[in-house]
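Taking it in order: structure first as structure tokens, then the write-up.
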Amino acid sequence: MEARAPETFGIPWPDLNDGLLYTDDLSLSDCDLTLIEFYSRKYKNSAPLQGWLQRIQNGQITVDGTVTTDPNKSLSGLSRLIYHRLPWKEPDAPYLLKVLYEDDHMIALNKPSGLQVLPGGLFQQRTALSQLQWRVSKNISAVASQGKHPVPVHRLGRGTSGILLCAKTKLAKTRLSMYFADGTSLIGENRCLKEEVKTTRKISKVYRALVVGILDQDEVIINQPIGIVKYPGVAKGLYVASPSGKPALSKVYVVSRDIQGNRSLVQVEIQSGRPHQIRIHLSFIGHPLLGDPLYVNGGQPRCFDLEFVDENVAHDGGYQRPENPVPGDCGYFLHAHMLVVHHPIWEEVIKITAPLPSVLQTDDEADVHQRKGIRQHLSN
């Protein structure tokens, strides 16, 4: 089936989300615990002890369908516990998404900076996934939409813009996920490194970024491993440059240098997909992304007080939003510019491009973009 014409879609966010329900089915090993012991031990990263006491006393927890406000209630084995996180107003986020490519099996979107891909933390509803689900619900009467439930097959950081690839069928999801798991490597013509590369890899991603400082070399290969350290406000830990981490490879090509502004415009091809890989790798070589609030030289976090945790309780009983920078903070300039992929069903090689933001364009590219805009205006 041929790709459909591009469109822009999105529904403005409701003021409050729907809250969340978290269900736990107890095991026999939990039967000697009290209600407060269970939650404060198992979910200590979600809230401090005082926060869980607040949630219980607010009537936000049921045991076998009955609201329980006694934190010292003894639990019996095989009970079902449900914690109701109350609705809240999520931080501001853009909601419009542009379709770059779509067929019956997959869809590629141009994600704006500031929009989270999947639910997590404060963003449970204001995500790209929610907009995809609402789009399907709106068009559910259309035959082409039935049975199609698009889901992202990879992630982009909240502050990263550009191509987000999503699968619309189970088979496409399985195959595209395998392509990403195998690592990424350019298919066919490698414009980033100015050479021809033949490879068995099925997918490649090229990013554009603005970094601090002037790179001496036109091409740089970074193979610094990436690992995890304990970090306040990030329950699963923070990804950093670490000798004991997992292998990661980035190929960097300098597009232009701004000597006066002490910054460089670069393209980056990644052959692995570690979280925050480009931010970590470029900061590791001494050229962090311009405006990055978190990563500094060496691929490490700006704040070194990694053991500090603020025990103050927020309105919902959870921890206060940490004062230190966290991975989801925006402000840097990183754009997933080009993706080349073997179609998961019929194996055709497809190239998808997301237009560059003006700050990531060279003067020549900006001139071309302006001329195209003028021609489109005149044709209308």
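Inside the stretch 113-128, residues that are in contact with a Ser or Thr (Cβ under 8 Å, 6 or more places away or on another chain) and surrounded by 18 or more Cβ atoms within 10 Å (Cβ to Cβ) make up a count of 4.
Those residues that are among the polar types (S, T, N, Q), touching a Pro at 6+ places or on another chain (Cβ under 9 Å) and either touching a residue at least 40 places away in the same chain (Cβ under 8 Å) or not in a helix (DSSP H, G or I) (or both), I need them from the stretch 15-72; list them, please.
Selection gives ASN17, THR34.
Within the stretch 206-230, if we keep just the residues that are in contact with a Leu (Cβ under 6 Å, 6 or more places away or on another chain) and under 11 Å from VAL255 (Cβ atoms), the residue that is surrounded by the fewest Cβ atoms within 10 Å (Cβ to Cβ) turns out to be LEU210.
If I ask for residues that are among the β-branched types (Val, Ile, Thr) and more than 10 Å from ILE82 (Cβ to Cβ), which ones from the stretch 43-66 would you list? Spell out the reasoning first.
First, the residues of the stretch 43-66 that are among the β-branched types (Val, Ile, Thr): 56, 61-63, 66.
The answer is ILE56, THR66.
Among the numbered conditions (1) under 30 Å from LEU122 (Cβ atoms); (2) over 19 Å from the mean Cα position of the chain (by Cα), the only one that GLY237 does not meet is (2). Looking only at residues in the stretch 245-285 that are farther than 16 Å from ILE203 by Cβ and polar (S, T, N, Q), the one that is surrounded by the most Cβ atoms within 10 Å (Cβ to Cβ) is SER283.
Quick one: would you say GLY261 is in a loop (DSSP other than H, G, I, E, B) and modelled with pLDDT of 95 or more? In short, yes. Restricting the stretch 6-32 to residues that are of a type in the set (Gly, Ala, Ser) and out of contact with any His (no Cβ under 9 Å at 6 or more places or on another chain) leaves a set whose member that is surrounded by the most Cβ atoms within 10 Å (Cβ to Cβ) is GLY10. Among residues of the stretch 233-248 that are more than 16 Å from SER272 (Cβ to Cβ) and without any contact (Cβ under 8 Å) to a residue 24 or more places away in the chain, those with a beta-carbon under 9 Å from a residue that is among the aliphatic types (A, V, I, L, M) and part of a strand (DSSP E or B) at least six positions away or on a different chain give the pairs LYS236/ILE228; GLY237/ILE228; GLY237/VAL229.
The values are calculated or read from the model by the stated rules, or taken from the named source; none is laboratory data. Bear in mind that the values here come from a model prediction, so they are computed numbers and not experimental data. With ideal geometry, Cβ positions are generated from the backbone for all residues, glycine too; neighbour counts draw on all protein chains shown.
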